[in-house]
Amino acid sequence: MPVTEIPLDPRHLAERVGEWLRPDGPEGDVVVSCRVRLARNLAAHPFMARLGPEEAHVVGEVMREVLVDTCIDGETLWVDMASSSPVLRELLRERHLISRDMCPENQAPLPGRGLAFGRTETLSVMVNEEDHLRLQAMAAGFQPESAWEQVRDLDLHLEQCVEYACDDRLGYLTSCPTNVGTGLRASVMLHLPALGMVRRELEKVFNAAQRTGLAVRGMQGEGSRAVGDLYQISNQVTLGRSESQLLGELSGLVPEIIAFERQMRTLLLAEHRSGLSDRVHRSLGLLQSSRAMPTDGALAHLSNLRLGLHLGLIDAPSMGTLGELWIQVQKGHIHALCAQDGSEGLLDVSQRDKLRAGLLRSRLAQ
């Protein structure tokens, strides 16, 4: 299977979004998507902390060949981080295909770092991030078992091609001790606007997650803050737990959060319908008329529209359009979709805010 290199102009990538953002996933009114990630290392090479540039390049080339032949999701797309533009790297981060650690801002990517993924973006592999390999599967709505089955099948295939670092007693060996064992990190992205309006109720969710051994993070995962009422809930430690136990802990808590959010939405609609409707329509009006819009503001207003659609307070735009805009209003996508100068560096904040407002006006006018 031939490798497909992403061109330096990433506009065509930004014009669409991955299948994991489909609006018709199970429990899709509250659960945006779910993800299962596996950390793996190659037995024949030092872990990343001790991996020199030349050997990192060797690992990258070995895995590039393996992943291209693997035919991920019908066709393997490969991005070499060292030769990619800052805009493309930002796009991939915003689409949850690479992590912040993979390509820190204002730093040149380390040698040997690459990304393999398929056209639907449901399956991907980061090479030479914190571990040699980070395998990832994403699915729309609440279907962690489906995501697990996809990434498990890919993992089993790769294990036939390369030898993993593994211990009979500890399990898979990883750079971070919290990932030793299964190396599995499962997460669910939740939209919780009603609970967000009543802070004490949202705190109950955080406390319940912590008691269950789960972590609550922002939309970009570890180290990020919550914007647009989006939260990620994931397991923290894998050692001593099986894959079924880890997925079970997540699947046990998330339905309770879904029910809690729906209950709060119903209560707010019954007791504060007028104020809620005003909030939603004010957001729609601002998005349709503003001449400058920051990222956080855009995400907050889009969150209100998504809530309004689910509660029947508005009937447009479509949920699919809102899902696309959630990704496309972020800075890398704004540059790729709206910049006219062809430069590879990211635009400054004021330029992006104006272009973002123009994109929103255009899309919502349709």
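Results, tabulated for the structure shown:
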| item | result |
| --- | --- |
| One residue from Asp167, Asp153 being acidic (Asp, Glu), within 21 Å of the chain's Cα centre (by Cα) and farther than 23 Å from Met102 by Cα | Asp153 |
| Number of the exception - Gly112 against (1) surrounded by fewer than 21 Cβ atoms within 10 Å (Cβ to Cβ); (2) touching a strand residue (DSSP E or B) at 6+ places or on another chain (Cβ under 9 Å); (3) not in a helix (DSSP H, G or I) | (1) |
| Qualifying residue in the stretch 53-65 (condition: touching a helix residue (DSSP H, G or I) at 6+ places or on another chain (Cβ under 7 Å) and in contact (Cβ under 8 Å) with a residue 60 or more places away in the chain) | no |
| Those residues of the stretch 20-41 which are closer than 22 Å to Ser99 by Cα and within 16 Å of the chain's Cα centre (by Cα), in sequence order | Trp20, Leu21, Arg22, Val31, Val32, Ser33, Cys34, Arg35, Val36, Arg37, Leu38 |
| Of the criteria (1) closer than 13 Å to Arg363 by Cα; (2) of a type outside the set (A, V, I, L, M, F, W, C); (3) part of a loop (DSSP other than H, G, I, E, B), which one Gln288 fails | (3) |
| Residues of the stretch 36-78 satisfying the condition of being acidic (Asp, Glu) and in contact with a Pro (Cβ under 9 Å, 6 or more places away or on another chain) | Glu54, Glu55, Glu75 |
| Test for Leu42: is it modelled with pLDDT of 90 or more and under 30 Å from Pro255 (Cα atoms) | no |
| Subset of the stretch 34-78 [small (Gly, Ala, Ser) and touching a Ser or Thr at 6+ places or on another chain (Cβ under 9 Å)] | Ala39, Ala49, Gly74 |
| Residue among Leu337, Leu360, Leu309 that is out of contact with any Gly (no Cβ under 6 Å at 6 or more places or on another chain) and either over 30 Å from Asn106 (Cα atoms) or part of a loop (DSSP other than H, G, I, E, B) (or both) | Leu309 |
| Qualifying positions in the stretch 137-148 - buried (at least 24 other Cβ atoms within 10 Å of the Cβ) and of a type in the set (Asp, Glu) | none |
| Single unsatisfied condition, Arg134 versus (1) surrounded by fewer than 23 Cβ atoms within 10 Å (Cβ to Cβ); (2) touching a residue at least 60 places away in the same chain (Cβ under 8 Å) | (1) |
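The values are calculated or read from the model by the stated rules, or taken from the named source; none is laboratory data. What you see is a predicted model; the values in this text were computed from it and never measured. Neighbour counts are summed over all protein chains in view; Cβ atoms, including those assigned to glycine, are modelled from backbone coordinates with ideal geometry.
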